[in-house]
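*Asks:* This is the structure, below, for whatever I ask next.
Read-outs: derived from the displayed coordinates by stated rules, not from any lab. Because the structure is predicted, anything quoted here is derived from the model rather than measured. Note: ideal-geometry Cβ built from the backbone for every residue, glycine included; neighbour counts use all protein chains shown.
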């Protein structure tokens, strides 16, 4: 009996001991790449959508610490003010402000852009960070499926409306937060808003692929304009983005040790926004602060142009 008990104890203690000593190595691997740039942003204006929480908030904190005027663009202004207050206190930068923006409402997007054009003379960095993930079927105020409506159409329109300011501020940068999920995405032009059938995960993948394709086509059109645009995968992060999925939320809790923190997840967004070596790099996709693989669908120029034309038609805009 005693020998059996000893055997059981040893069989438990050995793997636990190995995990204990391996934990720092595992965490370092999970954390991924780190932005190594020491660039300062004094006199620069940055807009970050969805910066009231998660990686957007940590991106805002980092760029505020570098001296930028940071505009937190979010739907929940009260929560945004809380985040801005916290960032101002931790960085000593008083130029962290909040503006209301609902990416699921084109009227709100246009009002936001009008106010920015009145209040700001320059925009040096636009980070399209906000998004929804694997949510129940619903539509935006304009009748778009919520995920492609918010993640793609909302940022497409916002970028269009702010592009003149970005051009006037050149050299300037646009950063689109996509996802590894784009690898599983396909643009369903016959049912873009998932009205015939709906899978929350496939709709999310479609919207993240749209981010990559938008980046690719916009980069092509902005050649020589002094404005670069890149997309990225932030990593699997323990954040509020899983709030619509009970299964994912529970999995994230169980495996939180193997997920990035918001600070770690923000590193690639920060890298794309400030790294000196990316000053003339455009149309690329990054992960862990390095160039990463893009799916064949994400490299399809014909699909990128078709999505561009379709987006302009749906939004009622002409973008030369």
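*Asks:* What's the Kirkwood radius of segment 41-314 in Å, using all Cα pairs?
*Replies:* Details: mean 1/r = 0.0542 Å⁻¹.
Roughly 18.4 Å, rounded to one decimal.
*Asks:* Only counting other Cβ atoms within 10 Å, I'd like 90, 172, 37 sorted with the fewest neighbours first.
*Replies:* 90, 37, 172
*Asks:* Could you tell me, in Å, what Rg and Dmax come out for the Cα atoms of segment 141-227?
*Replies:* 14.2, 44
*Asks:* Give me the distance in nm between label points sitting 7 Å out from Cα along the Cα-to-Cβ direction at residue 76 and residue 120, one decimal.
*Replies:* According to this spin-label approximation, the distance is 2.3 nm.
*Asks:* Could you state the number of Å between the C-alpha centres of segment 46-85 and segment 119-172?
*Replies:* 15 Å
*Asks:* Please compute the Kirkwood hydrodynamic radius of segment 69-171 from all pairs of different C-alpha atoms, in Å with one decimal.
*Replies:* Hydrodynamic radius (Kirkwood, Cα only) of segment 69-171 equals 14.6 Å.
*Asks:* Still on this structure, please answer the following. Counting only DSSP beta bridges with both residues in segment 41-314, tell me the antiparallel percent, nearest 5.
*Replies:* 10 percent
*Asks:* At 0.36 nm per residue, and after removing the present C-alpha to C-alpha distance, how many nm does the segment from residue 293 to residue 90 gain when stretched out fully?
*Replies:* Here the segment from residue 293 to residue 90 would lengthen by 69.5 nm.
*Asks:* Here's something else I'd like to know. Label 7 Å along Cα→Cβ of residue 34; segment 77-100 residues with amide nitrogen under 20 Å?
*Replies:* 91
*Asks:* How many nm is it between the label spots at residue 317 and residue 184, if each spot is 7 Å from the Cα in line with the beta carbon?
*Replies:* Computed distance between label sites residue 317 and residue 184 equals 3.0 nm.
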